[in-house]
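These notes are about the structure you will find just below.
The values are calculated or read from the model by the stated rules, or taken from the named source; none is laboratory data. Values in this document were obtained by computation on a predicted structure and should not be read as measured data. Reconstructed Cβ throughout: ideal geometry from the backbone, glycine too, with neighbour counts over all protein chains shown.
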Amino acid sequence: MATATKKKKAAGSAKKAPARTSKRAAAYTPPKKFPISFRVNGSEVRAEAPAHTSLLYLLRDLGFTEVKNGCEAGDCGACTVLLDGVAVNACCVLGVQAEGREITTVKGIGTVENLHPIQKKFIELGAIQCGFCTPGMIVAAYELLEKKPRPSREEIKAGIAGNLCRCTGYVKIIDAIEAAAGEMASSKGRKS
Amino acid sequence: MIPAAFGYERPATLEEALILLARHGEGARILSGGHSLLPVLKARLAHPGVLIDIGRIPALSGITRTAGGLRIGALTTHYEVESSPLVREACPLLAEAAGRIGDVQVRNRGTIGGSASHADPAADYPAALLALEAVLVASSPDGTRGIPAADFFTGPYENALKPGEILTAVEVASSPAGSGGAYLKAAQQASGFAICGVAALVTLSGGSIASAKIGVTGVATPAYRARKAEEALAGKPASPESLRAAAALAAEGVDPLDDFHASAEFRVQLAKVYTERALAEALRRAKG
């Protein structure tokens, strides 16, 4: 719309228009790009991005599309990743802030061939409906179980309070995290 | 949502950060956790030319003991405050308030310096910092000064920092023996921000209340000390009646916020009720 209006004006004053256009072009300098090197799921990644590119955009542009773009304002948790082992909203971290850091996405927690107990229980217990919140939810659950291996249901609710799900009503997600915690505890018990 | 382009600086020391801030002046904003600032920039409510990322300045991190309490570096995350054995022992009220902020991701990334500087009128920290009479330490090329919490929060998203100053630490005194603190809030359902949050610190002497300090957030802007209620409690017996009488003064003389989350009238009512509950819980803890 804005472009159409500009064109009209330019047509009305044909002589002035080219000068104005070239002035604008001269005034615009693309934002400086910063080299960023960091690790994602254990692999070295090198990228270049302007400072205002969020870690979320940077990761998705690099092909890590398992990191979901939800609200982009730190409310929904769909973009949750681990930054040096700590769950954060990738939308509220700048790409440049990842320099030298270790990022873990849901694919770094377990793979299709070798699912993490949390991922396994999400599938078994029907904790996934549309699936959009799932990557962030699993990363948040992973961090929760790192901090508290056997959380109560209330503690699970608090642990995923930053992750919104519009399908499941959360009950099956809480069931799955609880079951995963149980499985992890018993497999740990067997090992030792 | 993409913010307008900005420059980026990542100083390694506080001195370097202060020089950069002086050079860029009003066009610069300080970035720490980013969980408040970046949403503001994405909503295009601010247009800084450059962000100065203080996130990797070691001198701004960590919790250390001081003569009478604790020094909490500006970069200390809410989770670190919430889970720190030092904070839990010296001023458990602050740990409790930190644990009520936002959600896990926000507490993992958000910092005490960032939250205090952002000065959101519905944030949790201001109530606790007021009740604890915390001192906010600001550094500038001219030196360092301490700003009492009561003078620090000056308005909605406004603080007492002067141009060129960076908030570097928060100092809190250890809560005295015979004291108890509590932070309670009525949270806005979706965001978790306080519609009314009350931090109370009560110190007992014998069977009576030696002093009570009450910080209230979310009700008016900026967060305030409920001094009328505090005065009404000094020297009074530690009874439910004195708590109720004092709590009735919790919003005395303030101009309450009125918005789609809650009417002014409701906020005043919440301030009274939550002050009474916070005082009762603080008293219970003071009695041990």
- line: Log entry, pairs with first residue in region A:142-171 being without any contact (Cβ under 8 Å) to a residue 40 or more places away in the chain and within 11 Å of another protein chain (Cβ to nearest Cβ), second being among the acidic types (Asp, Glu) and crowded, with 21+ Cβ neighbours inside 10 Å, beta carbons closer than 7 Å, six or more apart or on different chains, reads A:Ala161/B:Asp103
- request: Considering each residue of region A:87-109, count those that are over 22 Å from B:Lys42 (Cβ atoms) and facing another protein chain (nearest Cβ under 10 Å), and give that number.
  value: 1
field: The one condition in (1) under 22 Å from A:Thr80 (Cα atoms); (2) part of a strand (DSSP E or B) that B:Asn108 fails to fulfil
entry: (2)
Odd one out for B:Val219, checked against (1) out of contact with any Cys (no Cβ under 6 Å at 6 or more places or on another chain); (2) surrounded by 24 or more Cβ atoms within 10 Å (Cβ to Cβ): (1)
- prompt: Can we say B:Lys236 is closer than 18 Å to B:Ala280 by Cβ and either surrounded by fewer than 20 Cβ atoms within 10 Å (Cβ to Cβ) or of a type in the set (Asp, Glu) (or both)?
  reply: yes
query: Within region B:138-153, is even one residue hydrophobic (A, V, I, L, M, F, W, C) and touching a Phe, Trp or Tyr at 6+ places or on another chain (Cβ under 6 Å)?
result: no
- request: Hand me the list of helices (runs of 4 or more DSSP H) wholly inside region A:87-154 holding 3 or more residues that are aliphatic (A, V, I, L, M).
  value: A:134-147
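A quick yes/no check of all residues on (1) free of Cβ contacts under 8 Å to residues at least 40 places away in the same chain; (2) crowded, with 18+ Cβ neighbours inside 10 Å; (3) touching a helix residue (DSSP H, G or I) at 6+ places or on another chain (Cβ under 6 Å):
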{"residue": "A:Lys32", "(1), (2), (3)": "yes, no, no"}
{"residue": "A:Pro35", "(1), (2), (3)": "yes, no, no"}
{"residue": "A:Arg39", "(1), (2), (3)": "no, no, no"}
{"residue": "A:Glu48", "(1), (2), (3)": "yes, no, no"}
{"residue": "A:Thr53", "(1), (2), (3)": "no, yes, yes"}
{"residue": "A:Cys76", "(1), (2), (3)": "no, yes, no"}
{"residue": "A:Val81", "(1), (2), (3)": "no, yes, yes"}
query: So which residues in region B:1-50 are more than 8 Å from chain A (Cβ to nearest Cβ), within 22 Å of A:Leu56 (Cβ to Cβ) and in a helix (DSSP H, G or I)?
result: B:Leu37, B:Val40
task: Give the residue that is nearest to the other protein chains (Cβ to nearest Cβ), with candidates limited to residues of region A:73-82 that are at pLDDT 95 or above and out of contact with any strand residue (DSSP E or B) (no Cβ under 6 Å at 6 or more places or on another chain).
output: A:Gly77
